[in-house]
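A.B. asks: One structure, pasted below without further comment.
No lab work stands behind these numbers, since they all come straight from the coordinates. The shown structure was predicted, so the numbers you read here are calculated from the model rather than taken from an experiment. Positions of Cβ are generated from backbone atoms using ideal geometry, with glycine treated the same way; all protein chains shown enter the neighbour counts.
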Amino acid sequence: MKIKETWVRWDPIEGLERNHYWNSISNTKDGLKIVVSNEDNQKLEILFKPAIKAYQISDETLRFAILYELDADYGPSSYYCFNFFIVQNSEYLRLLSKQSGGLSDRWHLTHYLIFTDDYLVDIAHESAPLVQWVSE
């Protein structure tokens, strides 16, 4: 029996609104840094430290099946109203567990998902990121 994923709204910092747009991503030995901006061009930096275990970036057109499921589960386009989620019963974490022969289970990873204007970013990490508003 397949366990269904649940997308739970994640509020990593106060002042979040809908519609965040993709700015940049960088992955170094120090961690994964994602920068998004809102409609007022305020930039939000999300830093996963230390080095990231796994992440993937997908154009939303490659994830239509999950978007249709979200429409059915949460209402039409409800995922566009907010951009930050923690995915429970994650298929992504199950895939990592299978591909690592169960090694990834030892890290007690959380699946964070950032849904921007055109991209979905899946992050598997063992601790919450540092999140802050940044100026240019």
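A.B. asks: Kirkwood hydrodynamic radius of region 6-134 from all distinct Cα pairs, in Å? It would help to have the intermediate numbers written out before the result.
C.D. replies: On the way: mean 1/r = 0.0659 Å⁻¹.
Here the Kirkwood hydrodynamic radius works out to 15.2 Å.
A.B. asks: In nm, to one decimal, how far is the modelled label at TRP22 from the one at LYS53, with both set 7 Å along Cα→Cβ?
C.D. replies: So the two model labels end up 2.5 nm from each other.
A.B. asks: Oh, and also: Please compute the modelled spin-label separation between ASN41 and GLU60, points set 7 Å along Cα→Cβ, answer in nm with one decimal.
C.D. replies: Placing both labels 7 Å along Cα→Cβ, they lie 2.3 nm apart.
A.B. asks: Report the number of Lys pairs in the chain whose alpha-carbons are under 17 Å apart, with separation of 8 or more residues or on distinct chains.
C.D. replies: 7
A.B. asks: Same structure, new question: Run the helix sum for the chain: -39,500 (n - 2.57) per DSSP H stretch of 4+ residues, divided by residue count, reported at 222 nm to the nearest 500 deg cm²/dmol.
C.D. replies: -4500 deg cm²/dmol
A.B. asks: Ranked from highest to lowest mean number of other Cβ atoms within 10 Å per residue, what is the order of the peptides 45-51, 83-89, 22-28? Spell out each step's value before the answer.
C.D. replies: Numbers: 45-51: 16.4, 83-89: 18.1, 22-28: 12.9.
Answer by packing, highest mean first, reads 83-89, 45-51, 22-28.
A.B. asks: Using only the alpha carbons of region 1-40, determine the length spanned along each of the three principal axes and report them from longest to shortest in whole angstroms.
C.D. replies: For region 1-40, the Cα spread along each principal axis is 41, 30, 17 Å.
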